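Readers should treat all values here as calculations from the given coordinates under stated rules, not as data from a laboratory. Bear in mind that the values here come from a model prediction, so they are computed numbers and not experimental data. Using ideal geometry, Cβ is built from the backbone for each residue, glycine included, and neighbour counts are taken over all protein chains shown.
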Amino acid sequence: MNADERGMGPRALISPHFPAQDTAVRDALLRVDATLRSEGIGDDLRDRTQIALAEACNNIVEHASPYERCDDPAITLDIASDRGGIQITLRDKGGPMPDGRLPAPDLPPLDLDDPLSLPEGGFGWPILRSMTRALSISRRNGQNILRFRLPAAEFPGAQGQNAL
Amino acid sequence: MNMSFESRSMIGILKVDENRIDASVAIAFKDRFRDLVSGSSGDVILDLARVDFIDSSGLGAIVAARKLLGGDRKLELAGLTPAVDKVMTLTRMHTVFPIHADAEAAAAARIDPAQAST
């Protein structure tokens, strides 16, 4: 790490706050993508950010139903960038994660010989877990806080900025 | 949900004229797919060239669409953009659905299997 990198902490880019609802999530993701594009972030990192953010937000939407008695079904995002990639924090006031832990990273089983038995769900957390780094969840003052990173290069060390 | 269906000999090409298949349109996608393929027979090629984003709900809708075809018809995918390809690979769905570079390559593969792509 050289002196330049040491001096460069994460830079906040955009912090949208929006209802935990499908179409509001779509609009927020498009705004985040436009911001990242205007910052000169490349297509691959932007794609990975969209995919990971969608899964994280959809999970909150699914658990923000009125039955959960959530009085503020909204999501707050904080998107920041540094030389290593994108840092993301999501906050919501929905119900806590069962056991307070991250769901398993395993994909649902696929039986290629029986297409009619293929799973239609269960992909969200495996996608999120395989695509992100430093994924963590915590709960404070009735608020869920989910954090993760998208590395600038998909395979850090193999090529690009993280190689050194 | 803008989707269209073109019937060719033995196959149908179902084109999605939307940028995203996500949680907000997953149910509409499945309903529209059902309407478009009913009354036809043969395998279906899903042309995703216009789609630049899909999430796990959209993926689930494509799996549901495949099941609607039943055991005798197949669903094949064509024209995957980079983000869609990434989701298909991460979830191993690329091992479930035959994937073609584009709809024309998929149709050509039916005439001459030697041209089957990727």
Original post:
Mind checking which aspartates and glutamates have their C-alpha under 17 Å from B:LYS30, skipping anything on the same chain fewer than 8 residues away?
Top reply: A:ASP22, A:GLU120, B:ASP17, B:GLU18, B:ASP22, B:ASP43, B:ASP47, B:ASP55, B:GLU76
**OP:** Determine, for each peptide in B:44-57, A:28-41, A:100-113, the mean count of other beta carbons within 10 angstrom over its residues, then list the peptides with the highest first.
**Re:** B:44-57, A:28-41, A:100-113
**OP:** Using θ = phi - 60° and the Karplus relation 6.51 cos²θ - 1.76 cosθ + 1.60, list the HN-Hα couplings for the stretch A:110-115 in order, rounded to whole Hz, with x at every Gly or Pro.
**Re:** 10, 9, 5, 7, 10, x
Original post:
Remind me, relative contact order of chain B in percent, using alpha carbon pairs under 8 angstrom and six or more residues apart?
Top reply: 23
Original post:
Within 10 Å of each Cβ of A:113-121, how many other protein chain Cβ atoms are there on average?
Top reply: 6
**OP:** Enumerate the amide H contacts of A:ILE14 below 5 Å, restricted to partners 5 or more residues apart or on another chain; note that Pro and chain-start residues carry no placed amide H.
**Re:** A:ILE79
Original post:
When the Karplus curve 6.51 cos²θ - 1.76 cosθ + 1.60 is applied with θ = phi - 60°, which whole-Hz ³J(HN,Hα) does each residue of the stretch B:87-99 get, with x for Gly and Pro?
Top reply: 5, 4, 6, 4, 8, 6, 5, 5, 8, 8, 9, x, 10
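Please give the average number of partner chain Cβ atoms lying within 10 Å of the Cβ of each residue in B:74-86, rounded to a whole number.
Details: counts 1, 1, 0, 0, 0, 0, 0, 1, 4, 8, 2, 1, 7.
Mean shielding by partner chains, rounded to a whole number: 2.
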